[in-house]
There are 2 protein chains.
Amino acid sequence: MNMSRTRERLVVIGGDAAGMSAASQARRLKGPDELEIVAFERGHFTSYSACGIPYWVGGDVTDRDQLIARTPEEHRARDIDVRLRTEVTELDVDGRRVRARDVDSGEESWTSYDKLVIATGARPIRPDMPGADAAGVHGVQTLDDGQALLDTLERTRGRRAVVVGAGYIGVEMAEALINRGYEVTVVNRGSEPMSTLDPDMGCLVHEAMEGLGITMVNEAEVTKILTGDKGAVRAVVTQDGEFPADVVVLGIGVRPETTLAEAAGLPLGPHGGLLTDRSMRVRGHENIWSGGDCVEVLDLVSGQDRHIPLGTHANKHGQVIGTNVGGGYATFPGVVGTAVSKVCDLEIARTGLREKDARRVGLRFESVTIESTSRAGYYPNSSPMTVKMLAEHRTGRLLGVQIVGREGAGKRVDIAAVALTAGMTAEQMTTLDLGYAPPFSPVWDPVLVAARKAAAKVRGSL
Amino acid sequence: MNMSRTRERLVVIGGDAAGMSAASQARRLKGPDELEIVAFERGHFTSYSACGIPYWVGGDVTDRDQLIARTPEEHRARDIDVRLRTEVTELDVDGRRVRARDVDSGEESWTSYDKLVIATGARPIRPDMPGADAAGVHGVQTLDDGQALLDTLERTRGRRAVVVGAGYIGVEMAEALINRGYEVTVVNRGSEPMSTLDPDMGCLVHEAMEGLGITMVNEAEVTKILTGDKGAVRAVVTQDGEFPADVVVLGIGVRPETTLAEAAGLPLGPHGGLLTDRSMRVRGHENIWSGGDCVEVLDLVSGQDRHIPLGTHANKHGQVIGTNVGGGYATFPGVVGTAVSKVCDLEIARTGLREKDARRVGLRFESVTIESTSRAGYYPNSSPMTVKMLAEHRTGRLLGVQIVGREGAGKRVDIAAVALTAGMTAEQMTTLDLGYAPPFSPVWDPVLVAARKAAAKVRGSL
């Protein structure tokens, strides 16, 4: 009898990367005798790769199930009680319980917890404008969204697509639709695509996208979406004109999904995400953890909280949470803001601060931009690459790197990501012992060329 | 009159990467009014990429001149007095002068210097055995070597090649000869190819090479080379048998070329290379610098001196030397032992210590090996990759990483190279913010998967 009392219950809200990684790791550390795990997921799937949706839509991934890392059945086989189509509608922190509603039957019931993981993810920003809900207008946040978009692509005989937003989801969806044979127009509010880069680097993306046959419309605010026969989308309207569209994809970003947490009085940050400590415990709450797209993370370069919805962070959060819930000890120290994406053969990467980020936190900096190649210049298929580097004025501390190039460009950002984490200066980077052979790099890796130029500029400023 | 007295003379011995980088950088900082620069080179070329020779022989690089980064004429146009086919035969340290011999005329003369750069490179190890000088037996150290090998490949109608040595030059030459349509046998003294890796990782290279149709013969000592008609090579003989060969390539390594320096009493290290301080100044000699393949470098992981002949180090040394000679200040702190190479589509990379290196310096370690993929598993052309990681017992400090895989594997070693330089632990590496998107990486980069496993093993050992 007393045995059952010693068994704790972990409740997980949200069945994707952060939540299910946490559940799996906790299970690895504590068996079902010690820990009961209940996971609520309002959708049909668990542990899927939302980042893979553009490649599924584009046809590179042929089967939706390939995007599912672990099915509900697989989780259940490991004694994780996954409850699909079950939405948590209320969190009672004092009573240590959640109220969940069966989406299909509408029935509600309370489940108590000893430990709670909030992994509610993010919700896409839907523009509040006429026509935003028209048939043929799609987000690409969930597998259901992806399926709905694919159904539209099947159904319509149209060939014109408009992508709203030119962040990484926007450019990846532009590629997907090009691969599907669409004429693609990307409508973007900013001065250049990829606002996670400085505009001078975004401009390179702009040029390359146009070279790929994508029409790029910058500084354009969508004011409405026009519909035609049977309420289907017909065109996207901006202040400057109208863009005919048989299908519209919205890629204008996401916000942390913290409705539940906010109602329960949990602490939220400036970007609307939950605030946690380094062990991913919600600040001030001993028995509640949170991770993934619903939390804010510490930016190790700027010292500020940020919201960076990315699967790789969500998985790390889940791993850390699961370890802590399972009685171990792990921390997630923060991020440096690394991201990499591609549009057709163009690779785009960034880490650390942009110029405007550095200014915002009052850092003075030197900025350099260099051109180099992915391999030794004489080696076949060597491709050009532009690297921009920011280093702090006087100290020379690395602040950020942005890379635009072709094959071999994107993952080079990892060099800078590790150097940023370690707090290296540009000068220290100039002698980094990076892998060199003609098929892999020029004798000076492009990142080192940038570091040399940045270090010289820093020295010159002393 | 006094003006000419204030002009110093820099003499550079050796016209390849280290020497000419030093000369060029010194020239950038000091004009011809302040600094005269004389460079002696015994061959026909300056500033060429010896690392590119395998790709020229293999046909990936079609023109020898593509391997020349800067010609003698280009150096001369920048007021560097390059004297080709001129060998320095004596160094008089006390008298601050060198004796140089015109290789063609045999004439000798002394040239005085105020500052000296020794960049005499390395010489290939030639086995002392019958037949080692037969026609059709080639080294691949210089452009002249490469041309001679190409001439043999043109001339002989043979189709059988034996490569002696299975280090990076050996495997690259195996690829080159495969690309030329040869049946290739690699004869190797060690238990597995790529002795810069641990044998368990070398074994993966072995299997992959055999998969490419290369015959790999390990633990084989070449005892003689047989010649046939007109003295041309006919076969390579080992203790275990005879391997027919129309052409033989020697890739059994190099030694620092320090004959001059040794005769002049300059300090040499345990591997026969010159010893310098961090500014690349020869120890105990205010006005003599040395860099490139003729020096030993500090291994930042083991704290020991090593000899690592690699173009990327030579260029960095030259840059540091030129800055110091030119009145600036720069240092080369050392290396972590990063190397990357490929044989056909197999990529091989390593950094830091192997198991035996760690044992030699008395470090206890945990070793883990993981399998992962270059991209998200569901993304097209995702290829398998094996990552081995060594971390120090108890402290968890990263000691080394080895990677064997296909496209996208090799340059991932840079992540570990930077982490080693920064002295990170495996635990710290688990939360590195590396670039993630499905076309670039699984959600956990393979290096992070290895770090997680290593960190867990370290924690388990406490």
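Extending each Cα 7 Å along its Cβ direction at A:Met129 and A:Ser191, get the distance between those two points in nm, one decimal.
2.2 nm
Percentage of Cα-Cα pair distances in chain B greater than 44 Å, rounded to whole percent?
On the way: 18011 of 106491 pairs.
Taking all Cα-Cα pairs of chain B, the fraction more than 44 Å apart is 17 percent.
Could you work out what % of the accessible surface of the stretch A:346-460 is carbon and sulfur, using a 1.4 angstrom probe and leaving DNA, RNA and ligands out of the count? Please list the in-between numbers first.
Values: 1670 of 3510 Å².
Heavy-atom surface of the stretch A:346-460 belonging to carbon and sulfur, 1.4 Å probe: 48 percent.
Helix by helix through chain A, keep the DSSP H runs that span 20 Å or more along the axis on Cα and average at least -0.5 on Kyte-Doolittle, and give those back in order. It would help to have the intermediate numbers written out before the result.
On the way: long enough: A:311-325 (21 Å, -0.58); A:446-460 (21 Å, 0.44).
Span-like helices in chain A: A:446-460.
Please report the antiparallel percentage of the DSSP beta bridges confined to the protein assembly as shown, to the nearest 5.
Around 65 percent antiparallel, to the nearest 5.
Taking a point 7 Å out from Cα toward Cβ as the label site, list the nm distances between A:Arg155 and the same residue in every other copy, smallest first.
Inter-copy label distances (nm, one decimal, shortest first): 7.5.
Kindly give the distances from B:Asp240 to its copy-mates, label point to label point, with each label point 7 Å from Cα along Cα→Cβ, as nm values to one decimal ordered shortest first.
Distances between equivalent label points, in nm: 7.0.
Give the whole-number value, in cubic angstrom per residue, of the convex hull volume spanned by the C-alpha atoms of the stretch A:20-170.
On the way: hull volume 24.3 nm³, N = 151.
About 161 Å³ per residue, rounded to a whole number.
Please figure out what share of the DSSP beta bridges in chain B is antiparallel and state it in percent, rounded to the nearest 5.
Working: 57 of 91 bridges.
Roughly 65 percent of the DSSP beta bridges within chain B come out antiparallel.
Please sort B:96-109, B:445-458, A:30-43 by packing, taking for each peptide the average over its residues of neighbouring beta carbons within 10 angstrom, highest first. Write out the running numbers ahead of the final one.
Numbers: B:96-109: 14.3, B:445-458: 24.0, A:30-43: 18.8.
For the peptides B:96-109, B:445-458, A:30-43, the packing ranking is B:445-458, A:30-43, B:96-109.
Counting heavy atoms of the protein chains only and a 1.4 Å probe, report the per residue accessible area for the protein assembly as shown as a whole number of Å². Working shown, then result.
Numbers: 36040 Å² over 924 residues.
With the other protein chains kept in place, the protein assembly as shown gives 39 Å² per residue.
Calculate the radius of gyration of the Cα atoms of the stretch A:126-252 to one decimal place, then report Dmax, the largest Cα-Cα distance, as a whole number, both in Å.
Considering the stretch A:126-252 through its Cα atoms, Rg and Dmax are 13.5, 43 Å.
For B:Glu34, place a label point 7 Å from Cα along the Cα-to-Cβ direction in every copy; what are the distances to the other copies, in nm, shortest first?
The answer, with the shortest distance listed first, is 6.8 nm.
Aspartates and glutamates within cross-link reach of B:Lys342: Cα-Cα under 15 Å, excluding same-chain residues under 8 positions apart?
By straight Cα distance, B:Lys342 reaches B:Asp60, B:Glu172, B:Glu175, B:Glu207, B:Glu210, B:Glu407.
Which percentage, to the nearest 5, of the DSSP beta bridges contained in the stretch B:126-252 is antiparallel? Working shown, then result.
Working: 9 of 24 bridges.
About 40 percent, rounded to the nearest 5.
Taking a 28 Å limit on the Cα-Cα distance, which of the listed pairs B:Lys30/B:Lys316; B:Lys316/B:Lys453; A:Lys115/A:Lys411; A:Lys388/B:Lys453; A:Lys453/B:Lys411 fall beyond it? Write out the running numbers ahead of the final one.
Values: B:Lys30/B:Lys316 19 Å; B:Lys316/B:Lys453 34 Å; A:Lys115/A:Lys411 38 Å; A:Lys388/B:Lys453 34 Å; A:Lys453/B:Lys411 22 Å.
Over 28 Å apart, Cα to Cα: B:Lys316/B:Lys453; A:Lys115/A:Lys411; A:Lys388/B:Lys453.
Would you check the accessible area of A:His206, probe 1.4 Å, heavy atoms only, in square angstrom rounded to 10?
40 Å²
Hey, with R₀ at 51 Å, roughly what FRET efficiency would B:Arg7 and B:Glu371 work out to, going by the Cβ-Cβ distance, to 0.05?
Values: r = 62 Å, r/R0 = 1.21.
The pair B:Arg7/B:Glu371 has a calculated efficiency of 0.25.
Computed over the Cα atoms, what is the radius of gyration of the stretch B:346-460 divided by 2.2 N^0.38 Å, N being its residue count? Walk me through the numbers before you get to the answer.
Details: Rg = 13.4 Å, N = 115, 2.2 N^0.38 = 13.4 Å.
So the stretch B:346-460 has a normalised radius of gyration of 1.00.
Ignoring ligands, DNA and RNA, please state the percent of accessible area on the stretch B:190-276 from carbon and sulfur, probe 1.4 Å.
Working: 1880 of 3810 Å².
Solvent-exposed carbon and sulfur of the stretch B:190-276 make up 49 percent of the total.
Which number comes out as Rg/Rh for the protein assembly as shown once both Rg and the Kirkwood Rh are worked out on C-alpha atoms? Walk me through the intermediate numbers first.
On the way: Rg = 30.7 Å, Rh = 30.1 Å.
Reported Rg/Rh (Cα atoms, Kirkwood Rh): 1.02.
Once you average over the residues of B:439-451, how many Cβ atoms of partner chains fall within 10 Å of each Cβ? Write down the numbers at each step before the final one.
On the way: counts 12, 9, 5, 4, 13, 6, 3, 0, 2, 3, 0, 0, 0.
The shielding value for this peptide is 4.
With each pseudo-label sitting 7 Å past Cα toward Cβ, what's the A:Arg96-B:Arg359 distance in nm, one decimal?
5.3 nm
Interface size between chain A and chain B, please: total buried accessible area, 1.4 Å probe, rounded to the nearest 100 Å². Write out the running numbers ahead of the final one.
Working: alone 20500 and 20480 Å², together 36040 Å².
Summing both chains' loss of accessible area gives about 4900 Å².
Once amide H atoms are built 1.01 Å from N in the peptide plane, which residues 5 or more positions from A:Gly435, or in another chain, come under 5 Å H to H?
Answer set, sorted by chain and number: B:Asp414.
The values are calculated or read from the model by the stated rules, or taken from the named source; none is laboratory data. Computed from a predicted structure; not experimentally measured. Please note: Cβ atoms are built from the backbone with ideal geometry, for glycine as well, and neighbour counts cover all protein chains shown. Heavy atoms of the whole protein, side chains included, go into the accessibility calculation; ligands, DNA and RNA do not. Shrake-Rupley method; radii C 1.70, N 1.55, O 1.52, S 1.80 Å.
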